[in-house]
Each structure stands twice: as structure tokens, then as C-alpha cells.
Amino acid sequence: MVAQVSCSAALVVVAYLFTINGNTLVTKWVLPIILCTFATFTYQSLLYIFPGLFFIDCLLGKFDIAKKSSFRIFCRIIFLCGISLLCYVSISQLLHLITGIPQSQYGESVAVYLHNSFVKAFKILCKELKSKFDSTLLSPFWFLPIPIALILLCAKPRLRYAFSLCLVIGYFFFPYLGLGLALPIRSWFFAPFIYAALFLAACLQAPHKFRILFFIFSIWIVCFNSSINARSSLLDNFSEKRDQLIASRIYNELCVEAPQSLKNAKRSLIIIGKFKLEGILPNISNGDREIYGASFFSWNSEPQRIYHYLKIFGVKLPPSINGSPRAEKITSLAMVRDMPAYPARGFIRMVDDVLVIKLADEAK
């Protein structure tokens, strides 16, 4: 997945280079749309990199958004982003009609302004941002005032560089404060570009004898984040082994308690709750809990996700009816409420031809 996202991010960069350097209809318009649409199917947040690269070029002095020629390029980039997003939505809708696979409502679920008053939403977003910057992953971000101060002190014309700085940093926070999207930290694909742009701009403006310091600090950032990635990969591997063990136990319990349900396609299934499972390193900061060793069965585990994970793992299950009126009716039954939860024996039971798997009480 990491390699796929990295390659897709590279496609967005290539699309940007085609947009600003292309001199034909294909290179200036068609190829950027194809590349950005393809990247958006990998991860929607990748499209956000496209306009951000223009702001970075403004900071590095390649463009001046106050000039008509630069502003026309910026308008072209925004137009291409809109067309790429439209292509992505249209193709997704077409695939939904052909395959019947439900479309994701993820964007609406993380849009804070849609679900709260403006004041409450703003407080939620500020809390979200604080938790992100408490994260180990963004620790180097606290050093960014150093290149920012150098750019403002050394760069000339100072006003243009100050405006470009505001564009870059403001664009970075725009999804949070402008759109009201409480995005997880894994969506911050633009952060590495921010690091690189600010330190490169400061290095170009600093005296020659200080440039070696920027090189040393860049090496430190690479080593620091490499250690974070190695730690994350190791803990995710441990977590995956643990989740496989849980899935195996659920399957074994199914074979004992309800073996006929696995062969009867007319029966259905509901999954109740998500059990509290401590991370492999429970003492890590809140901002890192989504990164280090979180279990699929406890972190953001909607019943449908658990259901599909079990199927991918190889557990043969009847169709899920989670979210349906019948599922709500069965969940409200006294015998279901009194059922023991995983890992106690009896957490699986047949109720009115519906297979009930109780991972935890709903209140948990």
C-alpha cells in the first residue's frame, strides 16, 4: 500500500510538471487529467498536492501569483483538479451501477461543519490539530519556525516571500479550517512537500556558510522518519498476527456453536460491538494511536469492516444484515443483550435464523 500511494503521489507531481511545461493539448490538459484521476482512485487526498505544488513554486520564486501569466497557470491547475475530481466521481458512480458495490461516504463523515455548529466545529478542529502535533510523526514540524524566520529575514522582496509563505502554510491547514475536514494524520500527504519547500527556500536565502546546517538537518529528518516507519511496520505486523489469531478463534467457535450456518446461504449474520483491545504499546501518545499497532477489531471497527475482514481472512460467513431493521430488532432482544461477549464461551449464537457474533456490549 505504501508503494502504491508513493507512486500515485509521483503521478500527481508528473501531472503538475506536464501542466506548467506542456505546450500541446495532450501534455498540458489530457495527460494531467488522466494522471490525477488515476491517483485519486488510490487516495483522494493525493489530489490536494496538485495546487499546493504551485504555491511551493511561488515560494521558490518560479511564479508570482500577482502576475497574469502565473495566475492563468493557477486557474488552469484548479480547472484540471475539478475535471479530475469529476472524472473520479463519474467513474465511481459507473462502477457502483455495474458492480453494486456501495460508494464510500467517508468525506461526509469527516466533514465537521456538516454535523456541528460553527463554534463547536472550530473547537473540534483545534483539538484535532493539537492531537496531530502531539504525534511523534510530526515532531520535526516544530522546527519549521527556523526556516520561516530565515526566509522572512533574508529573502527579498520580503513582502512577496511573506505572501508566498502565507499561501503555502494556509493551504496546508485549509482542509481543517476551510473545509472543516477532520482528516487522519495519514492523509497529510502535503506535509513532506512543506518540509522540503521551506528548508529549500531558507537554504537558498541563507548565507553559504550556514547551508551545511540545512543539509545536516535534512538528513536528521530522513533518519527520524525512517525510524518511525520501521517501528510502525513492525508493530502493524504484530497487530496483523494478533487479528489473524482472533479471526481464527471466531471461526473455530463458529464451527462448534453454529456449523450449519456456514453452509446455509438463507441464513444471515450480525456483528455486535467492538471489544476494547489495548494497543501493543498502550503508553504511546494519542496522536500516534492510529499508527502504532492498532487492532482492526477495536480501532474504527464498524461491523461491516469486521465482517469483510473475516471474509478476506477466509472465514465463510452468511450475508450480513448489520444496520437493517431486523438487526436492530434482534440486538434489542433480552437474550442477545444477556449474551456473553468475546472472548467468553457463548459469544456466538443462533437467534431466529440469524447468526449473532457478539464482540462486546454496544455501550462499550
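The values are calculated or read from the model by the stated rules, or taken from the named source; none is laboratory data. From a predicted model like this one, the values you see are computed outputs, not experimental measurements. Backbone-built Cβ (ideal geometry, glycine too); neighbour counts: all protein chains shown. To get the accessible areas, we keep the full protein, side chains included, count just its heavy atoms, and leave off ligands, DNA and RNA. Shrake-Rupley method; radii C 1.70, N 1.55, O 1.52, S 1.80 Å.
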For this session: Could you tell me which numbered condition Phe63 fails, if it satisfies all but one of (1) in contact with a Phe, Trp or Tyr (Cβ under 9 Å, 6 or more places away or on another chain); (2) assigned to a helix (DSSP H, G or I)?
Result: (2)
For this session: Kindly provide the set of residues from the range 14-53 that are out of contact with any Lys or Arg (no Cβ under 9 Å at 6 or more places or on another chain), more than 16 Å from Ser84 (Cα to Cα) and buried (at least 17 other Cβ atoms within 10 Å of the Cβ), ordered by number.
Result: Leu53
Problem set entry | Cβ-Cβ under 8 Å pairs, at least 6 apart or on other chains, the range 200-213 side touching a residue at least 12 places away in the same chain (Cβ under 8 Å), far side small (Gly, Ala, Ser) | Ala201/Ala155; Gln205/Ala155
Exercise. Between residues in the range 304-317 that are under 9 Å from Tyr251 (Cα atoms) and residues that are open to solvent by less than 30 Å² (accessible area, probe 1.4 Å) and small (Gly, Ala, Ser), which pairs lie under 7 Å by C-beta distance while being six or more apart or on different chains?
Worked result: Leu310/Ala247; Val315/Ala247
For this session: Tell me, please, whether a residue that is surrounded by 11 or more Cβ atoms within 10 Å (Cβ to Cβ), touching a residue at least 40 places away in the same chain (Cβ under 8 Å) and part of a helix (DSSP H, G or I) can be found in the range 67-76.
Result: yes
Exercise. Are there any pairs, at least 6 apart or on different chains, whose C-beta atoms fall under 9 Å, with the first in the range 1-21 and within 22 Å of Asp57 (Cβ to Cβ) and in contact (Cβ under 8 Å) with a residue 60 or more places away in the chain and the second of a type in the set (Gly, Ala, Ser) and surrounded by 16 or more Cβ atoms within 10 Å (Cβ to Cβ), and if so, which?
Worked result: Ala9/Ala39; Ala15/Ala39; Ala15/Ser84
